[in-house]
1. Being at pLDDT below 85 and of a type in the set (D, E, K, R) is the filter; apply it to the stretch 146-170 and report the residue that is surrounded by the fewest Cβ atoms within 10 Å (Cβ to Cβ).
2. If LYS47 passes every condition in (1) open to solvent by less than 80 Å² (accessible area, probe 1.4 Å); (2) touching a Ser or Thr at 6+ places or on another chain (Cβ under 9 Å); (3) within 25 Å of GLU4 (Cβ to Cβ); (4) in a strand (DSSP E or B) but one, which one does it miss?
3. Out of (1) farther than 20 Å from GLY29 by Cβ; (2) at pLDDT 85 or above; (3) in contact with a helix residue (DSSP H, G or I) (Cβ under 8 Å, 6 or more places away or on another chain), what's the single condition that is false for ASN91?
4. Can you tell me which residue is nearest to CYS165 (Cα to Cα) among those in the stretch 98-119 that are among the acidic types (Asp, Glu) and either open to solvent by less than 10 Å² (accessible area, probe 1.4 Å) or without any contact (Cβ under 8 Å) to a residue 24 or more places away in the chain (or both)?
5. When the residues of the stretch 3-44 are filtered to those that are in a loop (DSSP other than H, G, I, E, B) and charged (D, E, K, R), which remaining residue is most open to solvent (accessible area, probe 1.4 Å)?
6. Would you pick out the residues in the stretch 80-121 that are of a type in the set (Val, Ile, Thr) and touching a Phe, Trp or Tyr at 6+ places or on another chain (Cβ under 9 Å)?
7. Pull up the stretch 50-59, narrow it to residues that are in contact (Cβ under 8 Å) with a residue 24 or more places away in the chain and open to solvent by 70 Å² or more (accessible area, probe 1.4 Å), then point me to the one that is nearest to ALA73 (Cα to Cα).
Amino acid sequence: GAGEGYYALGCAMLWPQATVTAFESSEEGRRFLARNLELNGLQSRVKIFGHCGEEQLRAAMFNGQRSLVFMDAEGAEGKLLGRANVPGLENAHIIVEIHDFVDDRLGETISLRLRSSHVIEEVRTRTRTFWDFPEPRALWRRLWLLPYLKQYANELRPGPMRWFCCSPIS
């Protein structure tokens, strides 16, 4: 889901000519997202929708126009990225977070579905170090906070994460 809009706002700021569609199932998340869009003057550029199923994703694919699908679906990515269910995905650039801790076959399933239409680059998290955190500037304070900084940087996930960055072959 779009959560509070970190990626939706970032994409809208980075590509001012783009239309951004954000899906967030949680009503509270949609309120945060709407408020953040308002604070940044982007409310006219980002469309907010609730739950994203295959039908909603299909509707968001703009009739063959160039698209970037940025997906963090907490395990539902295997279902949503079935190309037969969502025409247009074969021409879309896709960045998808793989939630292996939900289903250890997700990465393989998605790779099998997309490799005939996309070049897939896998990006993995790495162990964070003291030098990854420039703040706080006082070294003793940073050292004292390091375990917490690492935890937050890893989004409290149960283990290492990975993403597939998929570029259409055509």
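1. GLU155
2. LYS47 satisfies every listed condition except (1).
3. Only one criterion in (1) farther than 20 Å from GLY29 by Cβ; (2) at pLDDT 85 or above; (3) in contact with a helix residue (DSSP H, G or I) (Cβ under 8 Å, 6 or more places away or on another chain) is unmet by ASN91, namely (3).
4. Across the stretch 98-119, the extreme among qualifying residues is GLU108.
5. The residue in question is GLU4.
6. Answer for the stretch 80-121, where residues must be of a type in the set (Val, Ile, Thr) and touching a Phe, Trp or Tyr at 6+ places or on another chain (Cβ under 9 Å): ILE94, ILE95, VAL96, ILE98, ILE110, ILE120.
7. This residue is HIS51.
The values are calculated or read from the model by the stated rules, or taken from the named source; none is laboratory data. All figures in this text were calculated on a predicted structure; none of them were measured in a lab. As a convention, Cβ positions derive from the backbone with ideal geometry for all residues, glycine included, and neighbour counts pool all protein chains shown. The area values use the complete protein model at the heavy-atom level, side chains included, leaving out ligands, DNA and RNA. Shrake-Rupley method; radii C 1.70, N 1.55, O 1.52, S 1.80 Å.
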